[in-house]
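Let me begin by presenting the structure, written as structure tokens, before commenting on it.
The values are calculated or read from the model by the stated rules, or taken from the named source; none is laboratory data. None of the values given here were measured: they were computed from a predicted structure. Backbone-built Cβ (ideal geometry, glycine too); neighbour counts: all protein chains shown. The protein model used for the area step is the full one, side chains on, heavy atoms only, and it has no ligands, DNA or RNA in it. Shrake-Rupley method; radii C 1.70, N 1.55, O 1.52, S 1.80 Å.
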Amino acid sequence: MAQVPIHPGLFTLPDDPRGPRLLAGHCAACGKHHFPAGTSCPYCSGQSCAVEAIGATGTLYLHTVVHARPPGYRGPVPYGFGVVDLSEGLRVVSRLGEASLDALRPGMSVGLEIAPLFTNDAGDEVLSFAYRPRDSGSAP
């Protein structure tokens with residue numbers, strides 16, 4: 001069974017030596033990151049953006065629990081959905097990984113995971129990214 005990303009260019013793949021990371025744009029002109037990566041900067045319109053692997057960890061800013069499957073979503077329900085602050089100064093919207101949904105709290109440390117979300121009609125595992133609560137003893 002093959003593993004395919006839900007959309008190319010959003011995140012590193014499981015065999016990447018950098019580990020799980022989002023692929024963000026980094027503007028040479030203003031120094032800001034943006035996700036998903038693009039060739040132009042959404043903040044200053046600069047045209048010199050490089051792709052950087054970021055976001056291994058973050059802090060949960062806010063969250064909700066989704067109980068009804070949205071159109072086109074083929075993953076499990078219920079699931080957490082939230083906003084995560086990354087140390088690179090970027091705030092991203094993300095699915096929250098398989099964990100006790102009752103344990104989600106703003107301010108908690110979360111780590112990025114790349115994992116199968118569903119199996120497509122061709123039998124491939126479709127990979128997506130999510131942030132999962134980290135152990136309280138984990139280093140930031």
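Please count how many residues of the range 1-33 are open to solvent by 80 Å² or more (accessible area, probe 1.4 Å) and charged (D, E, K, R).
3
Please specify each residue of the range 62-74 satisfying the condition of being open to solvent by less than 40 Å² (accessible area, probe 1.4 Å) and within 23 Å of Ser109 (Cα to Cα).
Residue satisfying the conditions is Val66 alone.
Can you give me the number of residues within the range 56-74 that are more than 25 Å from Asp16 (Cβ to Cβ) and in a loop (DSSP other than H, G, I, E, B)?
7
Could you list all residues from the range 47-61 that are of a type in the set (A, V, I, L, M) and surrounded by 13 or more Cβ atoms within 10 Å (Cβ to Cβ)?
Val51, Ala53, Ile54, Ala56, Leu60, listed by residue number.
Of all residues in the range 75-96 being part of a loop (DSSP other than H, G, I, E, B) and closer than 22 Å to His34 by Cα, which is most open to solvent (accessible area, probe 1.4 Å)?
Ser87
Inspect all residues belonging to the range 34-46 and state whether any of them is part of a strand (DSSP E or B), touching a strand residue (DSSP E or B) at 6+ places or on another chain (Cβ under 6 Å) and either among the hydroxyl-bearing types (Ser, Thr, Tyr) or open to solvent by less than 50 Å² (accessible area, probe 1.4 Å) (or both).
So far as the range 34-46 goes, yes, one or more of its residues are part of a strand (DSSP E or B), touching a strand residue (DSSP E or B) at 6+ places or on another chain (Cβ under 6 Å) and either among the hydroxyl-bearing types (Ser, Thr, Tyr) or open to solvent by less than 50 Å² (accessible area, probe 1.4 Å) (or both).
Can you name the residue in the range 97-133 that is β-branched (Val, Ile, Thr) and under 22 Å from Leu23 (Cα atoms) and, of all such residues, is surrounded by the most Cβ atoms within 10 Å (Cβ to Cβ)?
Ranking the qualifying residues of the range 97-133, first place goes to Val110.
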